[in-house]
Amino acid sequence: MSLDRLFSNLAGYMDQYAVLPILYHFHWMEWDELSFDWCLVCIYGLFAVIVTYAVCLPMERWRPVEHWPDQKAVLTDVFYTLLNRVGVIPVITFLLFYQAQTWFTGWVVDMGFIPPTLDSLVPGLFGHPIITFWIYALILDCADYWRHRLSHSFRAWYALHALHHAQRQMSFWSDDRNHIFDDFITFVWFFVIGLLIGIPPLQFPLLMLGLRFIESFSHANIRMSFGPLEPILVSPRFHRLHHALRAAGRGSCNYAGVFSIWDVIFGTADFSNAYLPTGDAKAPEALATGTYLEQQLCGAKMFFQSLAKSWHALGSRRPT
Amino acid sequence: MITRRTALALPFGLLAPAAYGDTPPPICVVMNSGAASISVIDMNTRQIIATEPAFREPSHWALTPDRKTLYVCDAGGNAFFAFDPVTAAPLGHCTIADPYQLAYSPDGKYLVVNALRLNHVDVYDAASLSLVKRFKAGEMPSHLDFSPDGRWCFSSQQKTNALFSFDVQTLEPRWTVPIGNTPAGVLWLNDKIIVCIMGENGIIEVDPVDGRITRRIETGPGAHNVFYDEDNKILYISNRGPGDTSLAALDPETLEIKRIYKIPGGPDDIEIAPDGKIWIARRFAEAVAILDPVTGEYDSIPVGRSPHGIYLSTCLARKGKLTAEII
Ligand SMILES: [Zn+2]
Ligand SMILES: [Zn+2]
């Protein structure tokens with residue numbers, strides 16, 4: 001049995017015997033068609049976590065950059081990963097996306113415009129799903145580069161992103177440690193792009209997982225670069241430089257998520273052969289070592305404080 | 001004419017005599033809604049002979065009134081894909097807003113499309129595919145059917161738990177009535193409307209005049225879609241969970257259950273071959289089941305992710321056959 005079919009079968013069992021009984025009980029069966037997709041997301045997410053764990057853990061043991069006396073701070077990141085990749089967040093995101101898409105696309109269609117997909121827009125793409133997949137991957141990764149770069153440029157936005165940078169024990173679990181508001185901005189960001197070029201097709205969940213794997217792997221506590229592939233793919237060394245203490249906040253480098261070409265093209269690449277300590281010296285301790293809730297609360301407080309500061313700064317500049 | 005691809009896909013030893021002549025093999029077209037593709041199966045050899053691309057999520061199908069084109073809906077891709085109904089040779093695609101399920105009015109004048117995600121019931125001019133009327137009758141319009149005289153159309157509103165009806169001549173709404181949790185499949189049968197109620201334990205029978213519920217029949221949890229085998233006078237209901245999934249066979253008059261076939265993996269749409277075997281899309285199993293209704297045994301053919309609608313070219317032999325639900 002192919003991996004894909006095995007996952008479908010597992011998701012089918014999960015749907016029929018765990019999710020549908022809940023939907024049925026609460027009279028939510030209108031989601032029946034989609035709950036199978038949710039289960040697929042969870043199954044693929046779980047598989048990705050297991051594969052990432054199986055690959056990264058031995059490598060972190062083999063060639064670690066840092067040795068830590070204890071790994072308490074890593075545990076919180078494990079929670080972030082499970083929540084974001086296997087748990088409820090993908091389903092909530094999906095529901096939000098679904099509702100937003102219903103309202104917005106419905107309105108756009110009423111105006112007489114039917115949103116295109118990339119493969120319907122670009123002649124010659126249709127019927128070449130693998131090429132389409134890579135073009136979507138490049139566009140979305142480029143968009144993510146700019147989202148990430150901008151999140152380092154605005155004070156209030158960085159107040160949220162600081163949570164991601166505060167980690168001093170950076171490991172392959174750290175990819176998903178983000179403030180929930182930051183996740184929401186990311187969601188809106190990709191929602192807009194999804195409306196412009198269509199939502200990417202999901203024929204190749206394994207390729208998709210491959211890309212997510214690069215993102216997890218780039219956070220791993222591994223002394224490793226990709227040699228000649230450094231200007232193409234984001235390696236642990238490359239992303240560690242982005243997380244370096246001196247690179248927190250504005251004027252950072254290496255913003256790319258999967259393809260480092262964006263940093264080369266937009267002039268923010270740093271390929272130094274250095275493995276620096278990570279963290280954000282200005283971030284409150286709660287952001288680094290707090291529990292999930294403490295980190296979220298602290299991040300929200302910082303966000304609103306810096307919003308207020310920016311507002312006041314704007315006010316003082318206003319002509320009287 | 002047999003296509004080159006078809007000929008190449010057939011192992012030499014299996015080349016049926018018919019394949020040499022002008023008659024292409026009978027085919028099964030499966031809409032893989034999770035794989036953005038359409039699998040074409042040779043019904044004789046049971047081999048996949050072609051996989052055609054779609055944009056996002058192909059779901060249901062309809063034959064054009066002249067039966068020269070097979071339309072496949074792609075809701076996420078906002079498109080119809082057209083195929084030759086005999087060979088499944090692709091004939092191109094056109095843009096249409098969120099088509100999930102569809103049916104032509106019996107006079108062939110209109111094509112009505114349920115846009116499930118956008119909450120629209122759209123009426124198009126059948127020939128030009130230009131929008132004639134847009135109803136916003138409820139949320140998540142799911143399945144639809146007409147009265148055979150073509151006067152009325154009925155569409156289930158999955159999220160607002162209602163059945164909506166409009167007058168096809170005047171294009172004015174007739175009524176919207178609450179009919180139970182998550183209605184799905186809709187079928188005109190013996191001057192009544194049968195509606196599958198997914199959130200409850202079976203189907204209901206509705207009076208098409210005023211939307212009054214006249215009967216309730218338990219068929220199994222998660223009754224999803226309904227099909228009528230006219231020749232053998234059997235009504236089939238696919239039950240898609242929670243728990244074990246099945247296909248129920250009912251007497252169309254009494255609505256009494258005659259037999260329940262256990263079909264694991266979420267049976268969705270069905271179609272019946274001339275030999276009496278029932279071809280069933282198994283959503284969660286990435287497979288098509290070929291069920292022998294006499295023995296209850298079935299074989300499986302692996303297809304793409306989440307197979308949804310299923311079409312057999314042998315149905316062209318049935319006079320007037322246009323939609324999946326009347327077999
Ligand atoms: Zn950053
Ligand atoms: Zn990072």
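The values are calculated or read from the model by the stated rules, or taken from the named source; none is laboratory data. The structure presented is a predicted model; accordingly, all values stated were derived computationally and were not measured. Note that each Cβ is placed from the backbone with ideal geometry, even for glycine, and that neighbours are counted across all protein chains shown. Just the protein is used for accessible areas: all its heavy atoms, side chains included, with ligands, DNA and RNA removed. Shrake-Rupley method; radii C 1.70, N 1.55, O 1.52, S 1.80 Å.
Considering the range B:89-177, what Rg and Dmax in Å follow from its alpha-carbon atoms?
Calculated on Cα positions, Rg and Dmax stand at 12.5, 42 Å.
Quick one: which residues, 5 or more positions from B:Met43 or on another chain, have an amide H under 5 Å from its amide H? H modelled 1.01 Å from N in the peptide plane, none for Pro or chain starts.
Those lying under 5 Å, H to H, from B:Met43 are B:Ile27, B:Cys28.
Hey, can you list the DSSP H helices of chain A whose Cα span along the axis is 27 Å or longer and whose average Kyte-Doolittle score is at least 0.0?
Numbers: long enough: A:32-62 (45 Å, 1.07); A:88-110 (33 Å, 1.13); A:129-151 (32 Å, 0.50); A:292-317 (38 Å, -0.17).
Answer set is A:32-62, A:88-110, A:129-151.
Would you mind classifying chain A by shape? Square roots of the alpha carbon gyration tensor eigenvalues, ordered a ≥ b ≥ c; an a/c under 1.5 is rounded, otherwise it is prolate if a/b is larger than b/c and oblate if not.
Details: a/c = 1.40, a/b = 1.22, b/c = 1.15.
Judged from the Cα gyration tensor, chain A comes out rounded (a/c under 1.5).
What's the whole-number percent of alpha carbon pairs in the protein assembly as shown lying beyond 33 angstrom?
Distances greater than 33 Å cover 51 percent of the Cα pairs.
What Kirkwood Rh does chain B have if only Cα atoms enter the pairwise 1/r average? Answer in Å. Mind dumping the intermediate values first?
Values: mean 1/r = 0.0509 Å⁻¹.
Hydrodynamic radius (Kirkwood, Cα pairs) of chain B is 19.7 Å.
Tell me which of A:Trp62, A:Trp31, B:Ala317 sits at the most positive position along the dipole axis of the protein assembly as shown, charges placed on C-beta atoms (Lys, Arg +1; Asp, Glu -1).
Sorting the options by dipole projection puts first A:Trp62.
With charges set only on the Cβ (+1 for Lys and Arg, -1 for Asp and Glu), what does the dipole of the range A:3-317 come to about its Cα centre, in debye to the nearest 20? Can you show the working numbers first?
Values: 20 positive and 25 negative charges, 244 e Å.
Charge dipole, the range A:3-317, about its Cα centre: 1180 debye, nearest 20.
Sorting check: for B:279-287, B:257-265, which peptide has the highest mean count of neighbouring beta carbons within 10 Å, and how do the rest follow?
Working: B:279-287: 26.0, B:257-265: 17.0.
For the peptides B:279-287, B:257-265, the packing ranking is B:279-287, B:257-265.
What is the range A:214-320 by shape, rounded, prolate or oblate, if you read a ≥ b ≥ c off the alpha carbon gyration tensor as root eigenvalues and call it rounded for a/c under 1.5, prolate for a/b larger than b/c, and oblate otherwise? Before the final figure, lay out each step's value.
Numbers: a/c = 2.88, a/b = 1.62, b/c = 1.78.
Note, shape of the range A:214-320 comes out oblate.
Which whole-number percent gives the relative contact order of the range A:3-317, counting Cα pairs below 8 Å spaced six or more residues apart?
Values: 390 pairs, mean separation 65.4, N = 315.
About 21 percent, as a whole number.
Just the ratio, please: alpha-carbon radius of gyration of the range B:46-95 over 2.2 N^0.38 Å, N its number of residues. Let's see the in-between values first.
Details: Rg = 10.8 Å, N = 50, 2.2 N^0.38 = 9.7 Å.
It is 1.11.
Would you be so kind as to list the residues of the range A:20-61 that have their accessible area lowered by at least 40 Å² in the full protein complex compared with their chain by itself (1.4 Å probe)?
By number: A:Tyr24, A:His27, A:Met29, A:Glu30, A:Asp32, A:Glu33, A:Phe36.
Rounded to the nearest 0.05, what FRET efficiency do A:Tyr53 and A:Tyr13 have when you use their Cβ-Cβ distance and R0 = 30 Å? Let's see the in-between values first.
Details: r = 23 Å, r/R0 = 0.77.
It comes to 0.85.
Return the single residue from B:Pro99, B:Pro274, B:Pro90 with maximal mean-square fluctuation; model: Gaussian network over chain B, springs between Cα atoms under 10 Å.
Highest fluctuation of the listed residues: B:Pro274.
Can you give the average number of partner chain beta-carbon atoms within 10 Å of each beta-carbon in peptide A:3-16, as a whole number?
Working: counts 0, 5, 7, 1, 2, 12, 6, 1, 4, 11, 3, 1, 6, 11.
Taking the mean over all residues of the peptide, I get 5.
Could you give the accessible area per residue of the range A:3-317, probe 1.4 Å, as a whole number in Å²?
On the way: 14670 Å² over 315 residues.
On a per-residue basis, 47 Å².
Give or take rounding to whole Å, what are the principal axis extents of the alpha carbon atoms in the range A:1-56, in descending order?
For the range A:1-56, the Cα extents along the three principal axes come out at 42, 23, 15 Å.
Could you work out, for the range B:262-315, what percent of all Cα-Cα pairs fall into each 5 Å distance bin, beginning at 0 Å and stopping at the bin that holds the largest distance?
Spelled out per bin, shortest first, that is 5, 24, 33, 23, 13, 2.
Projecting each Cα onto the charge dipole of chain A (Lys/Arg +1, Asp/Glu -1 at the beta carbon, about the Cα centre), which of A:Asn273, A:Leu6, A:His161 comes out farthest on the positive side?
Result: A:Asn273, furthest along the dipole toward the positive end.
Looking at chain A as a GNM with Cα springs under 10 Å, which of A:Pro205, A:Pro284, A:Pro228 has the largest mean-square fluctuation?
A:Pro228
What's the longest piece of chain A with no exposed trypsin sites (Lys or Arg not before Pro), counting a site as exposed if DSSP puts it in a loop and it has at most 14 other beta carbons within 10 Å? Show your work: numbers first, answer last.
Values: sites that count: A:Arg250, A:Lys282.
Answer from the scan: A:1-249.
For a paramagnetic label modelled at 7 Å from the Cα of B:Lys233 toward its Cβ, which residues of the range B:251-275 fall within the zone defined by backbone nitrogen distances under 17 Å?
Inside the label zone: B:251-259.
What's the FRET efficiency of B:Arg216 with B:Glu253 using the Cβ-Cβ distance as r and R₀ = 22 Å, to the nearest 0.05?
Details: r = 16 Å, r/R0 = 0.73.
My answer for the efficiency is 0.85.
Rounded to the nearest 500, what is the 222 nm mean residue ellipticity of the protein assembly as shown from helices alone, with -39500 (n - 2.57) per DSSP H run of 4+ residues and division by all residues?
On the way: 16 runs with 209 residues, N = 647.
Helix contribution divided over all residues of the protein assembly as shown: -10000 deg cm²/dmol.
At A:Phe104 and A:Ala308, where each label point lies 7 Å from the Cα along Cα→Cβ, what is the point-to-point distance in nanometres?
Reported label-point gap for A:Phe104 and A:Ala308 is 3.1 nm.
Which three lengths, in whole Å and largest first, does the range B:51-201 cover when its Cα atoms are put on their principal axes?
41, 30, 27
May I ask which of B:Lys159/B:Lys258; B:Lys233/B:Lys319; B:Lys192/B:Lys258; B:Lys136/B:Lys258; B:Lys159/B:Lys319; B:Lys68/B:Lys258 have a Cα-Cα span longer than 28 Å here? If you can, show how the numbers build up before the last one.
On the way: B:Lys159/B:Lys258 31 Å; B:Lys233/B:Lys319 17 Å; B:Lys192/B:Lys258 20 Å; B:Lys136/B:Lys258 38 Å; B:Lys159/B:Lys319 35 Å; B:Lys68/B:Lys258 36 Å.
Among B:Lys159/B:Lys258; B:Lys233/B:Lys319; B:Lys192/B:Lys258; B:Lys136/B:Lys258; B:Lys159/B:Lys319; B:Lys68/B:Lys258, the Cα-Cα distance tops 28 Å for B:Lys159/B:Lys258; B:Lys136/B:Lys258; B:Lys159/B:Lys319; B:Lys68/B:Lys258.
Please check: in the Gaussian network model of chain A (C-alpha springs, under 10 Å), which one of A:Val258, A:Val78, A:Val234 has the largest mean-square fluctuation.
Largest GNM mean-square fluctuation: A:Val78.
Name the residues of the range A:187-209 whose accessible area falls by at least 30 Å² when all protein chains are present instead of the chain alone, probe 1.4 Å?
A:Gln203
Note the direction-averaged projected area, equal to a quarter of the hull surface, for the Cα convex hull of the range A:35-151, in nm².
Details: hull surface 45.5 nm².
Taking a quarter of the hull surface, the average projection is 11.4 nm².
Nearest 100 Å² is fine: what is the total accessible surface buried where chains A and B meet, probe 1.4 Å? Mind dumping the intermediate values first?
Details: alone 17160 and 13180 Å², together 26670 Å².
Chain pair A/B: roughly 3700 Å² of buried accessible area.
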